Amino acid sequence: MEGSFFIDTFIFIWLGVITFLLARFLRTFSKITKGVSEKDLRVILEEILKKIGEQEKNNSELRRQIELIEKNGLKHIQKISLIRYNPFLETGGNQSFVLSLLDAQDSGIVITSLHSREATRIFAKPVAGGKENGYEFSKEEIQSILLAQKTKVQENKK
């Protein structure tokens, strides 16, 4: 009699577990087939797989476009610095300046303006990888490039 009680209890618990799992399965199945009429499961699953395949194609195309944008973005001006200074000790004010415009690889241009009472002269020199590219840099130009290089470039974190 006592063994029969344990068997009945086990069967009752087992039926409860099976009922719970069946209810969960039916709820999931009804979510998948929601809004679908007169179609069998195979057709529904084929449609889902087709949509997943299309999404994977779209995702790979988007990934390719993002990589291209990131690659091209490295060539845009990302680091800027401006230094004002007085090149002539006997005249007043910091009217002269150096402007550095660099991309992610520290290449770009340095624009220098020398202001005096008689005239203002403007020079532009190319920068390649943070180094001189055919023209010698003044100490102010070097200082401006170094300051621009300290600018943090936002990187993609994968």
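Taken together, the values in this text are just the output of simple stated rules run on the coordinates, not laboratory data. These figures come from a predicted structure and were not determined experimentally. FYI the Cβ positions are ideal-geometry reconstructions off the backbone, even for glycines, and counts take in every protein chain you see.
Counting alpha carbon pairs within less than 8 Å and at least 6 residues apart, what relative contact order, in whole percent, applies to the stretch 57-124? This gives 24 percent for the stretch 57-124.
Loop only per DSSP, at most 13 neighbouring Cβ atoms within 10 Å: give me the GluC sites (Glu not before Pro) in the stretch 75-137, ordered by residue number.
E90, E118, E136
Computed over the chain, relative contact order equals 15 percent, with contacts defined as Cα pairs under 8 Å that lie 6+ residues apart. Taking other residues whose beta carbon is less than 14 angstrom from the beta carbon of L102, and scoring Lys, Arg as +1 and Asp, Glu as -1, yields +2.
Pick from G130, G16, G53: which is most flexible by mean-square fluctuation in a GNM of the chain where alpha carbon atoms under 10 Å apart are linked? Top of the fluctuation ranking is G16. If R0 equals 30 Å, the separation of the Cβ atoms of A128 and N94 corresponds to a calculated FRET efficiency of about 0.60.
In this structure, the residue pairs whose Cα-Cα separation is over 21 Å, taken from K75/K150; K51/K71; K34/K57; K75/K125; K31/K51, are K51/K71; K34/K57. The string of couplings for the stretch 113-125 from the Karplus curve (6.51, -1.76, 1.60, θ = phi - 60°) is 10, 9, 10, 9, 5, 7, 6, 10, 10, 10, 10, 10, 10 Hz, one whole number per residue in order, with x for Gly and Pro. Only helical DSSP H runs with n ≥ 4 go in: add -39500 (n - 2.57) per run for the chain, normalise by residue count and round the 222 nm mean residue ellipticity to 500 deg cm²/dmol. Using -39500 (n - 2.57) per qualifying helix, the result is -17000 deg cm²/dmol.
Could you tally the net charge around Y135, taking each other residue with its Cβ under 10 Å from the Cβ of Y135, Lys/Arg +1 and Asp/Glu -1?
Overall, the nearby charge balance is -2.
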